[in-house]
Structures are given as structure tokens and as C-alpha cells.
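To start, the structure itself, in C-alpha cells.
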Amino acid sequence: MGSNPDDSAAFAAAHALLIRQGADTLPHPGGTLLAHLTRVESRLTGWNARPALRLAGLCHAFYGTDGFAESLLPLERRAELAAAIGAEAEEIVHFYASCDREFSHAGLPRADGPFRDRFTDRTFLPTARQRADFAELTAANELDLAAVNTEFRERWGGPLLRLFTTWRPLLSEAALADARGLLGRPAPPRRG
């Protein structure tokens, strides 16, 4: 998948904003938050995700998430992220960050599955595109954590594989194959 010059500028702007906001020094499994975000974007690139979804993968933790409380920008500064990565990518980041996972994950593959925004406590029915983007980004995020952290993979690999299997209608074949390959295999023996 090729990228146009505007995509390159958006990726450069995203990277510069991540550095300015301290993502390169914020600890995260597998190194820093920036290292994790870069790996998530790389995984999405390997799955041939469109540029807006890849940019969202690179920036998915800007507002914190239901599983990662640290945020790089407050919600009041959404326009700053949108200026760097574009409105579509920022909307994906916001949607991802807003998810009340315990409430929303089970119903995600259904068109009538409710989604709860953890910032507003509002419940609504997301669009098919929102559900698919969320599923793909979640898979890329969780698979990165499983790839860099054996304990995470041992504890959450089975439940994640079951979750991603139920999300099959939303996930790309590349994401499903990656999930099966990483989570379906036994963990390597522990050293020491």
C-alpha cells in the first residue's frame, strides 16, 4: 500500500507531537509508550490498514484508554491532535479511547451491540466502520502486548483469542491470522 505525501506529513507530525508530549519517556510494556505505539502502527501497516487507521494506531493512547490511564493530551485539546493527523484518524483515536471495554466488547460484532463512552457515560450504537476500526486497532494493540510480554500472553492469550474469534466479522484476515499465530501457539519456555 503506497502512501501519498500528505500521509507522510501526518506521520511526521504525529511523531513530533508524541515526542513533545513525552511518549518517548513514558514507561510501557516492551519499552516506552512511543515504542509500543510505533509497533502497533507497524502491525497495522503489515495488515494493509488504510492510512487513517495506521495514524490512529500510532496515536491511540493520546487520551488514555480504559486499560492505560496515562494520557498525553486532555480531551479539550482534541483539535491539536486532529490538526496533526487529520479529523478521521483523530475520531478513531477518540472512539478507541472512549470505550468502556467491559460494557462494549461483547456486543461489538453485532449491529445492535451498544457501546458505552467512558468519558460521557453515553450509550449508543456505533457505525459498522467504527466497530471494524475499533476491533482492528484493539487487536493490533493487544497483540503487541502479547508479543513483548510473555506473562501477559500467558494470562490473556486464551481470552483474547476467544474475543477476536467472536469479532471475526469485524477483523481483517491478516489480523485474525496474526492473532491465531501469536495467541494460538504455546508460550516459549521461561528462562532461568
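The values are calculated or read from the model by the stated rules, or taken from the named source; none is laboratory data. Being a predicted model, the structure only gives us computed values, none of them experimental. Don't worry about glycine lacking a Cβ; one is built from the backbone with ideal geometry, like all the others, and counts go over all protein chains shown. Heavy atoms of the whole protein, side chains included, go into the accessibility calculation; ligands, DNA and RNA do not. Shrake-Rupley method; radii C 1.70, N 1.55, O 1.52, S 1.80 Å.
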Fully extended contour minus Cα-Cα distance, from residue 80 to residue 12, at 0.36 nm per residue: 23.0 nm
Taking only Cα atoms and a 10 Å spring cutoff, compute GNM fluctuations for the chain and point out the largest among 78, 155, 39. 155
Leaving ligands, DNA and RNA out of it, work out the accessible area of residue 133 with a 1.4 Å probe and give it in Å² to the nearest 10. 10
Could you derive backbone 3J(HN,Hα) for the range 26-38 from the dihedral phi with the Karplus parameters 6.51, -1.76 and 1.60 (θ = phi - 60°), listing whole Hz in sequence and x where the residue is Gly or Pro? 7, x, 7, x, x, x, 10, 4, 4, 4, 4, 4, 5
A correct Karplus calculation of ³J(HN,Hα) over the range 82-97, with 6.51 cos²θ - 1.76 cosθ + 1.60, θ = phi - 60°, whole Hz and x for Gly and Pro, returns 4, 5, 7, 10, x, 5, 5, 5, 5, 4, 5, 4, 4, 4, 4, 5
Per-residue ellipticity at 222 nm for the chain, helices alone: DSSP H runs ≥ 4 residues times -39500 (n - 2.57), over residue total, nearest 500 deg cm²/dmol? -18500 deg cm²/dmol
Kindly state, to the nearest 0.05, the FRET efficiency for residue 162 paired with residue 122, given R0 = 25 Å and r defined as their beta-carbon distance. 0.35
For volume of the Cα convex hull per residue in Å³, the choices are [x] 172; [y] 116; [z] 107; which was calculated from the structure? [y]
